[in-house]
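Colleague: Input: one structure, supplied below.
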Amino acid sequence: MSDIPYVLLVEDEESFADALMVGLTREGFDVEWVADGVSAIEAFERKTPDLVLLDVMLPNMSGLDVCRLIRLKSEVPIVMVTAKTEEVDAVVALELGADDYVTKPYQFRELVARVRAVLRRSEARNQDKAIENVPSILKAGDLVIDQDRHEVLLNDQLIAFPLKEYELLLQLVANAGRALSRDDLIDAVWGTDYVGGTKTLDVHIRRIRSRIEDDPQRPLRVITIRGVGYRYEA
Ligand code: CA
């Protein structure tokens with residue numbers, strides 16, 4: 001990230017966008033504003049931002065779809081903006097891989113604090129990756145994770161994994177045979193100031209099971225440890 005964080009602001013209401021542009025610029029951000037989802041994807045392809053501030057309710061493509069499309073190819077931090085009446089959107093946004101959300105009407109200070117926290121986390125994550133001495137290939141029984149290629153193989157078959165599920169599986173497999181608490185898993189994958197509760201974690205565990213368990217109802221790999229969390233069984 002350069003010294004001046006480059007923020008892509010996706011917001012169709014001009015009055016909101018204007019106020020945010022002025023405020024964020026004053027706070028030291030370089031802001032590009034687009035007013036709909038299609039333009040957001042185009043702007044994203046042109047120049048990768050350090051952070052995307054993404055309204056959910058947009059014309060022609062919802063912010064949730066924009067989030068999903070960006071997550072297919074990038075780990076760029078995403079902060080979603082939802083309305084109070086759309087609480088379900090916040091949960092969906094986090095499940096799609098958004099890093100955090102703010103609810104309209106918001107205090108500008110709160111929004112800036114969240115944006116900065118998400119940027120800090122993402123920077124720390126990138127530094128961790130650079131210095132981490134974890135082997136690039138992890139094996140647990142018939143499962144192999146190739147970190148350089150970002151691939152999961154089960155019995156030599158490539159299995160497609162969305163980013164957050166991949167990161168969660170990585171934590172479990174890197175600690176195979178050890179029970180990990182829900183809190184530790186959430187901290188590792190979503191960050192320590194994540195506020196979304198454990199439901200998102202459980203949904204991701206369910207999706208992982210549906211990909212790698214023969215019978216997801218009777219998992220033999222990703223085991224639930226009652227009252228604690230989960231353990232990967234090699
Ligand atoms: Ca809107």
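The values are calculated or read from the model by the stated rules, or taken from the named source; none is laboratory data. Quantities reported herein were computed from a predicted structural model and do not represent experimental measurements. Cβ: placed from backbone, ideal geometry, glycine included. Neighbour counts: every protein chain shown. Surface accessibility is based on the protein's heavy atoms, side chains included, excluding ligands, DNA and RNA. Shrake-Rupley method; radii C 1.70, N 1.55, O 1.52, S 1.80 Å.
Colleague: Given the structure, is residue 209 over 20 Å from residue 68 (Cα atoms) and either in contact with a Gly (Cβ under 9 Å, 6 or more places away or on another chain) or in a loop (DSSP other than H, G, I, E, B) (or both)? Please lay out each step first, then the result.
Modeller: Working: over 20 Å from residue 68 (Cα atoms): yes; either in contact with a Gly (Cβ under 9 Å, 6 or more places away or on another chain) or in a loop (DSSP other than H, G, I, E, B) (or both): no.
It is false that residue 209 is over 20 Å from residue 68 (Cα atoms) and either in contact with a Gly (Cβ under 9 Å, 6 or more places away or on another chain) or in a loop (DSSP other than H, G, I, E, B) (or both).
Colleague: Select from the stretch 33-65 the residues that are small (Gly, Ala, Ser) and within 19 Å of the chain's Cα centre (by Cα) and write down the one among them that is farthest from the ligand (Cβ to nearest atom). Spell out the reasoning first.
Modeller: Initially, the stretch 33-65 is screened for residues small (Gly, Ala, Ser), giving 35, 37, 39-40, 43, 62-63.
Going one step further and asking which of them are within 19 Å of the chain's Cα centre (by Cα), we end up with 37, 40, 62-63.
Working: 37: 11, 40: 12, 62: 10, 63: 8 Å.
Among those residues, the one meeting the criterion is 40.
Colleague: Find all pairs meeting these conditions: Cβ atoms under 7 angstrom apart; at least six residues apart or on different chains; first residue within the stretch 38-56 and farther than 12 Å from residue 74 by Cα and open to solvent by less than 10 Å² (accessible area, probe 1.4 Å); second residue within 16 Å of the ligand (Cβ to nearest atom) and of a type in the set (Ser, Thr, Tyr).
Modeller: Taking only residues 6 or more apart or on different chains, the pairs are 56/62; 56/82.
Colleague: Go over the candidates 168, 143 one by one and state the one that is closer than 20 Å to residue 70 by Cα, surrounded by 14 or more Cβ atoms within 10 Å (Cβ to Cβ) and hydrophobic (A, V, I, L, M, F, W, C).
Modeller: On the way: 143 fails: closer than 20 Å to residue 70 by Cα.
Going through 168, 143 in turn, the sole match is 168.
Colleague: Looking at (1) open to solvent by 10 Å² or more (accessible area, probe 1.4 Å); (2) touching a Ser or Thr at 6+ places or on another chain (Cβ under 9 Å); (3) farther than 22 Å from residue 107 by Cβ; (4) within 15 Å of the ligand (Cβ to nearest atom), find the lone condition where residue 30 falls short.
Modeller: Residue 30 satisfies every listed condition except (4).
Colleague: Let me ask something additional. Does the stretch 70-82 contain at least one residue that is open to solvent by 10 Å² or more (accessible area, probe 1.4 Å), within 14 Å of the ligand (Cβ to nearest atom) and either part of a helix (DSSP H, G or I) or of a type in the set (Gly, Ala, Ser) (or both)?
Modeller: No, that holds for no residue.
Colleague: Any idea which of (1) closer than 28 Å to residue 92 by Cβ; (2) in contact with a Phe, Trp or Tyr (Cβ under 6 Å, 6 or more places away or on another chain) is the one residue 176 doesn't satisfy?
Modeller: In the conditions (1) closer than 28 Å to residue 92 by Cβ; (2) in contact with a Phe, Trp or Tyr (Cβ under 6 Å, 6 or more places away or on another chain), residue 176 misses (1) alone.
Colleague: Taking the stretch 36-60 as the region of interest, how many residues are closer than 19 Å to residue 93 by Cα and either of a type in the set (Ser, Thr, Tyr) or out of contact with any strand residue (DSSP E or B) (no Cβ under 6 Å at 6 or more places or on another chain) (or both)?
Modeller: Going through the stretch 36-60 one residue at a time, the tally reaches 9.
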